[in-house]
Amino acid sequence: MKENKKTYWKGLEQLTNDPEFVKNADQEFPGFTAKKNQSEDGASSRRDFLKMMGFSVAAASLAACEAPVRKAIPYVNKPVDVNPSIPNYYASTFSNGGDYASVVVKTREGRPIKIDGNKLSPITQGGTNAIVEASVLSLYDKARLTGPQINGQAADWASLDAELSSKLAAAGSIKVVTNTVLSPSTERAINQMAERFGDVEQITYDPVSNYGITRASEMYYGTKVLPSYQFENAKVIVSFGADFLGSWISPIVFARQYSKGRKISKENPNMSRHFQFESNLSLTGANADYRTPITASQNGLAVLTLYNLIAQKAGASTAGANNLDLAHLKKAADELWANRGNTLVVSGSNDPNVQVVVHAINELLGNVGNTVDFENPVHYRKGDDSRMSQFVSELNAGRVGAVIFYNCNPVYDFGGGQALAEAISKAKVSVSTSEVKNETAALVQYLAPDHHYLESWNDFNPKKGMYSLSQPTISPLFNTRQAQESFLKWAGNSSSYYDFIREGWQPMFAGQQEMADFQSFWDSCLHDGVYQTTAMEEEATEALSPAGDISAAASAIGSSYKAQASGPELVVYTKVGIGSGTYANNPWLHEMPDPISKATWDNYLTVSQKWANDNGLSMKEGATQMATVTANGVSFAVPVLIQPGQAEGTFGLALGYGRTSAGRVADGLGVNAYALLNAGKGYVSYDITEGVEISLTGEAYRIAQTQTHQTYMGRDFVIQEATLGEYKEDASAGRYHPEIYKDGEFYKPSKISLWSGHKYSQHHWGLAIDMNSCIGCAACTVACQVENNVAVVGKQEVLNRREMAWIRIDRYYSSPEEATSNKELEQAADNPEVTFQPMMCQHCNNAPCETVCPVVATTHSSEGLNQMTYNRCIGTRYCANNCPYKVRRFNWFKYHDNKDFAGVNTAQNDDLGKMVLNPDVTVRARGVMEKCSMCVQRIQAGKLAAKREKRKVKDGDINVACAVACPTEALVFGDMNDPESRVSKMLKIEENSTEAIKEVNEERAYHVLEEINVSPNVWYFTKIRNKDKNEA
Amino acid sequence: MQVTSPVREPLVTGGKTYKDVTNDIARQVEGKPTVGWLLGLAVALGTLLIGSLALVATLWEGIGMWGLNKTVGWAWDITNFVWWVGIGHAGTLISAVLLLFRQKWRTSINRAAEAMTIFAVICAALFPLIHMGRPWIGAIWALPLPNTYGSLWVNFNSPLLWDVFAISTYFSVSLVFWYIGLIPDFATIRDRATGLRKVIYGALSFGWDGAARTWMRYESVSLILAGLATPLVLSVHTIVSFDFATSVIPGWHTTIFPPYFVAGAIFSGFAMVLTLMIVTRKVFKLEDYITIGHIELMNIVIIITGSIVGIAYITEFFMAWYSGVAAEQYAFVNRMFGPYWWAYWSMMTCNVISPQLFWFKKIRTSIAATFILSLVVNIGMWFERFVIIVTSLHRDFLPSSWVMFYPTITDVGVYLFTFGFFFTAFLLFAKFFPVINMAEVKSVLKSSSEKTIK
């Protein structure tokens, strides 16, 4: 369009710029002068009123609509190694007293969110357990102390240091009470205090003590060590109450070793044989081939009898007269002798006399040096029960000037802690470095809270020649300070603990050749997290010289153990989940069902089926009664749980509960069994054989169990098992082969289908689960909870049978052998065989859930996964009903940001707890279904990483959280389309087929519920027991 | 004109004339509410109010307010749903199938039965809606509507989706059928009324003029709708049964379900019609219209359908045994002797044994016995659905997941809500709409004897 250059005037006035016109030119209606803004009297005009009202209404409604402010603050300068959405991994070390695991910490945007095992560690070899997995949540625990305190008042570090330096100097005798300290630098830091203050003594105890073994080593060999054990070398394992897979010394290590001896294949159809003699049904007992329930008072005699049986064979002199006749004990002796040199006998007893006999048995069998190694001892338990109880009386007598509790809680977790509680005030100075104001810290004058281990520098020496480091993975959340740095400060050493550790590692650097400068050496150690050297050993261990004579021990055993119990006996045990109770304020551990009892959120008295029958007690859906337990002068009311396998006449009670000052989650849960213990015999005895009274009160109670049906009802389409002998004859022994009749012929179920089937042209993810390797430890369940932001629902909702776990471990007891009717099959045998079956979404190729969803919220992926689209889900629950494995979980309530669940689901309710959430996984809304995704976020991340590097995904690039956590490698994940993958090889997948339904040649591999042909992508391997014949 | 035998029992007794019919039935609509009716309404509204609390709690807090759990994902919700849908069956059966079969006795009861159907289907439809975790989106996403998510459709494989279609179709057809039938009667009331009432009934009667052509069209539409509705009688419960039959769960995965469910639905529907009619005839003094003859005929339907249901139960057991499938066998043994044995035996007693009493003429012509047994049958049919849903789910394949289901107060409350709604709606209907189809009843006055016409 042409530009119009013409100018138009409104009239001559404008052309002439008439002053009168100009004056009114800006007015819309010059003739009708607008009403003035202000009326004559100054009040607002109607228009103004309307304008103001309009503005106010708009402003008010806008303000009301304002979205809550969510802070997302960008970096001004991006840190070099923090990339949004890209995780960083740091090698570190988990240590809680003597419990040890070398770990790799996953951090996202500077927050640790997941703990995996460190595969480079020669000790834990990438294994973890439930406590290690859950420990990341303890970092974000609201109960943690946020800064130092003096006499209950918040203080600053400078004033605390000033006061303490002078007070400690004036205190006289200073005792540093610790649990086992694995860290050489920590011990050096304590020594620094000794250098400054003179009379400083470190007193070590362990909440779950193995003092008996170290004491026995001293008695028998003259050197106070805890040997290392090699379960993988043992062809025959005999354990007297040692729960080495669940809680004894270092279960992560033992589980890995044990599983190596239990993995079988056609090429190597051999496995260790495991005898267990115990009172409570432990995780280890559940895995044993032959398990004999014995009373606590028989324990010592049983060990002695075994000694005598072996000694007879060896031609050595026997000791003691009272020989027990126990089922399988003679058989165990025969087999031990037949395999001598490659066997292992362990005992969980804390009685040094019993442990002396165990040492002697291993010595007789020639196991020492092979399966029992005193030359390379471990340092997990340095506690000295007798010194500790002596210390309590010294403190009580006022002979201690200052006491420093270094990350320990003896008021709660030392037998006789009550006496300590009263005695603390008698010390002039009392200090605690605990992260939380626990039972002990609540009684001291000075709180100098330590960092969480994920915020700390530290070093560890778990075993002779083995070292590891921990490094901070987040800057301290609170105004806490590394305890060792506090020690150095008080000792007048101003160097940081980091420098102090490095200084301590100089000899190691000097002892190696590969690295030229210390920094490279340090970086390499820090990167790997572990280092192996002999440079730090002060002197070579002397050759062992066994005392040979055990008559003193034998006579001590003879006098303190009896073949027949005189009354009820209480065996105090450690749970796999809660452990010693240090991490009790962690809801993940409470929600984790106990591997054996499947109970959550409680401790309880385990009683035998016979006792329950005699007392007219039965349990239905966790409904039970309370009982009063009296032992060692202490009385409790605890609920009763009927436990098949419990030795008649014995009762079990777990440690770790009854916390009073742990935090919101743990306080008031259960009873504190430590109160029943004491070190009266010179060691803390966990077996109370005298003066125990137990009576039902009749008060009703419900224990929240995730599984209330005990047996698998003889259903071979669920559990398929065989004995080793049968397996050697026929690799498919125990397999159940359903067949479907059609048109005059029998077909494998997979050969008949309505569906045209899927094609997986790229990947086909699958999971193989070896039921022979699975020990039921539940590390996978916690790992899954962490990885997938699975909500914790609390006791009431578990009672309502609504736990959210994506992976569960089904624990089945065998029925009595004579059982034929359904009613009898429902009953567990008195001493049952136990089978563990990890159960998660089976990712069926013909998934029954997918067809029934009305809105296609659950679909099949092109890689064989069954996927949930939470956003699309409307929550009809039809999929869950139609799931034959019952692995789908529904969000019955809003579990996040809901005050009803704030007390239990801390990871999804408070700001601090939410830091642990995995940003790659949605927190599910109320009303939607969820289930195992086979860690699809990890699969995606692995594929993206491979794509970035322009290569195919290799086997091992991607692994699912449960498989990573598994200490026994019972779960193997991989691409079934890749013939080189471990899972393909394990299953012996026939050809490089992209068909959905894979033909596998491994005879042990089976699908649970094969006959309904849902065709899962999860395979199970038959359970093989190393028994002579099928017998319970 | 039909030739009728003078010995045939009259369908309407008391020597009613056309005028009597109009008076007797329109009287209820025109008169003041009776005390009994007001009391009934008060109870119904009270129940509705109490039930609303449970409904609000469910919507506000979540499905967790119910007793459901990880293994039992449906219990009272779907039990109630199937139960109400079943009850709704009688209306269509009576009005459509019996119309096609020229069963004239149906005219006295079809109106109320159809109303019952409509209200029962509304009650039923509530459950699929509120049993969803997220009903606020589910109510929309369960429909095949165009959307902005690309080509995101509903899953046509899902029996739940079939339910959506089945129930909504059934509801629409039943509603239209019922309303069409009401039009001539509304017109009758309109013609007798004055003032506001005349305006309202005038509007409701769609300008009915009573001309021969109008009647002809009315008859044709009724027949067409009856033809359309007849397959629905079979399809609705067939499709509801597919929810179970197409699944893999032992106790659900059964091909016998469609006929068995349809028979059960008619069974329970007739029982509910009887319950309501026995009360209505008494309260509204309609004994001449709803006679013992009607009741007896309905009782015969109950014997037949009850026996079909009984055979179905036994067949299921036979099939479970014959199949050789261990899980299936266990599911059925568990029904009889498992923890929910009482539900199973309640079902057997109420549904199979008690209707057999109707073989005795004395019992099937006794008002009191019929009333009690009609209640028993409905209790039994509720248990049947409970047995199928809960006892099948609570112990399926993997014993590790076996659980018990315990209802909560909210479960009970939501069920009460539907009762409150149903009876409120039915009482309002009984007061403001003619409970008996006057026009059709008039057509059968002559069928027994010419003498009845004065």
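Assorted remarks:
- The single condition among (1) touching a strand residue (DSSP E or B) at 6+ places or on another chain (Cβ under 8 Å); (2) crowded, with 24+ Cβ neighbours inside 10 Å; (3) not in a helix (DSSP H, G or I) that A:C932 does not meet is (1).
- Hey, A:S773 more than 32 Å from the chain's Cα centre (by Cα), under 22 Å from A:V1000 (Cα atoms), surrounded by 14 or more Cβ atoms within 10 Å (Cβ to Cβ) and away from every other protein chain (no Cβ under 14 Å) or not: no
- Any hit, segment B:353-368, residues being touching a helix residue (DSSP H, G or I) at 6+ places or on another chain (Cβ under 9 Å) and closer than 21 Å to B:W76 by Cβ: no
- Note on segment B:123-135: residues that are touching a Gly at 6+ places or on another chain (Cβ under 9 Å) and among the hydrophobic types (A, V, I, L, M, F, W, C) amount to 4.
- Those residues of segment A:588-613 which are more than 19 Å from A:I809 (Cβ to Cβ) and not hydroxyl-bearing (S, T, Y), in sequence order: A:N603, A:L605, A:V607, A:Q609, A:K610, A:W611, A:A612, A:N613
- Taking the numbered list (1) modelled with pLDDT under 90; (2) over 16 Å from the mean Cα position of the chain (by Cα); (3) assigned to a helix (DSSP H, G or I) in turn, B:I290 passes all entries but (3).
- Boolean, A:S265 is buried (at least 22 other Cβ atoms within 10 Å of the Cβ) and polar (S, T, N, Q): no
- Filtered residues of segment A:415-426 (kept if assigned to a loop (DSSP other than H, G, I, E, B) and buried (at least 23 other Cβ atoms within 10 Å of the Cβ)): A:G415
- The single condition among (1) more than 14 Å from chain B (Cβ to nearest Cβ); (2) in contact with a Pro (Cβ under 8 Å, 6 or more places away or on another chain); (3) of a type in the set (V, I, T) that A:V782 does not meet is (2).
- Of all the criteria given as (1) over 27 Å from A:K167 (Cα atoms); (2) out of contact with any Phe, Trp or Tyr (no Cβ under 7 Å at 6 or more places or on another chain); (3) modelled with pLDDT of 90 or more; (4) surrounded by fewer than 24 Cβ atoms within 10 Å (Cβ to Cβ), the one not satisfied by A:E375 is (3).
- Pair list, Cβ < 9 Å and 6+ apart or interchain, from segment B:303-314 residues that are under 14 Å from B:P258 (Cα atoms) to residues that are charged (D, E, K, R): B:V309/B:E384; B:Y313/B:E384
- Just one of the listed residues (A:A857, A:A907) is aliphatic (A, V, I, L, M) and surrounded by fewer than 24 Cβ atoms within 10 Å (Cβ to Cβ), namely A:A857.
- In segment A:235-262, residue surrounded by the most Cβ atoms within 10 Å (Cβ to Cβ) [restricted to those that are more than 23 Å from A:A360 (Cα to Cα) and among the hydroxyl-bearing types (S, T, Y)]: A:S247
- Failed item in (1) out of contact with any Pro (no Cβ under 9 Å at 6 or more places or on another chain); (2) within 11 Å of chain A (Cβ to nearest Cβ); (3) assigned to a helix (DSSP H, G or I), with B:D77 passing the rest: (1)
- Scanning segment B:120-171 for residues that are of a type in the set (S, T, N, Q), facing chain A (nearest Cβ under 10 Å) and in contact with a Leu (Cβ under 7 Å, 6 or more places away or on another chain) yields a single hit, B:N155.
- Any hit, segment B:307-324, residues being more than 24 Å from B:R364 (Cα to Cα), of a type in the set (G, A, S) and in a loop (DSSP other than H, G, I, E, B): yes
- You will find that of A:T204, A:T180, the residue that is touching a His at 6+ places or on another chain (Cβ under 9 Å), within 20 Å of A:G579 (Cβ to Cβ) and modelled with pLDDT of 90 or more is A:T180 and no other.
- When A:N396, A:N407 are checked against the criterion of being at positive phi and either crowded, with 20+ Cβ neighbours inside 10 Å or free of Cβ contacts under 8 Å to residues at least 40 places away in the same chain (or both), A:N407 stands alone in meeting it.
- Here A:G875 fulfils each of the conditions (1) over 32 Å from the mean Cα position of the chain (by Cα); (2) surrounded by 24 or more Cβ atoms within 10 Å (Cβ to Cβ) apart from (1).
- A single entry from A:Y736, A:Y727, A:Y701 fulfils the requirement of being within 14 Å of another protein chain (Cβ to nearest Cβ), at pLDDT 90 or above and either within 27 Å of A:M986 (Cβ to Cβ) or surrounded by 13 or more Cβ atoms within 10 Å (Cβ to Cβ) (or both): A:Y736.
- Which listed residue, of A:E850, A:E863, A:E833, is within 10 Å of chain B (Cβ to nearest Cβ) and acidic (D, E): A:E850
- Among the residues making up segment A:80-129, those that are among the charged types (D, E, K, R) and either in contact with a Gly (Cβ under 6 Å, 6 or more places away or on another chain) or in a strand (DSSP E or B) (or both) are A:D99, A:K106, A:R108, A:R111, A:K114, A:D116, A:K119.
- Only one of the listed residues (B:I200, B:I266, B:I224) is buried (at least 23 other Cβ atoms within 10 Å of the Cβ) and more than 14 Å from chain A (Cβ to nearest Cβ). That residue is B:I266.
- Residues of segment A:914-926 satisfying the condition of being in a loop (DSSP other than H, G, I, E, B), closer than 24 Å to A:Q796 by Cβ and under 22 Å from the mean Cα position of the chain (by Cα): A:L917, A:V923
- Listed by position, the strands (runs of 3 or more DSSP E) inside segment A:820-897 whose residues that are in contact (Cβ under 8 Å) with a residue 24 or more places away in the chain number at least 3 are A:834-839, A:866-868.
- Any chance B:F432 is more than 14 Å from chain A (Cβ to nearest Cβ) and under 30 Å from B:T58 (Cα atoms): no
- Residue ID - farthest from A:R877 (Cα to Cα), chosen from residues in segment A:803-826 that are surrounded by fewer than 21 Cβ atoms within 10 Å (Cβ to Cβ) and within 11 Å of another protein chain (Cβ to nearest Cβ): A:S821
- Residues of segment A:871-913 classified as within 12 Å of chain B (Cβ to nearest Cβ), closer than 19 Å to A:V793 by Cα and not small (G, A, S), total: 14
- No other residue among A:F478, A:F487, A:F518 is at negative phi, of a type outside the set (S, T, N, Q) and crowded, with 16+ Cβ neighbours inside 10 Å apart from A:F487.
- Of residues in segment B:295-311 being surrounded by 21 or more Cβ atoms within 10 Å (Cβ to Cβ) and not hydroxyl-bearing (S, T, Y), the one nearest to B:K16 (Cα to Cα): B:I295
The values are calculated or read from the model by the stated rules, or taken from the named source; none is laboratory data. None of these values were measured; they are calculated from a predicted model. Because the Cβ atoms are built from the backbone with ideal geometry, glycine has one as well, and the counts that use them run over all protein chains shown.
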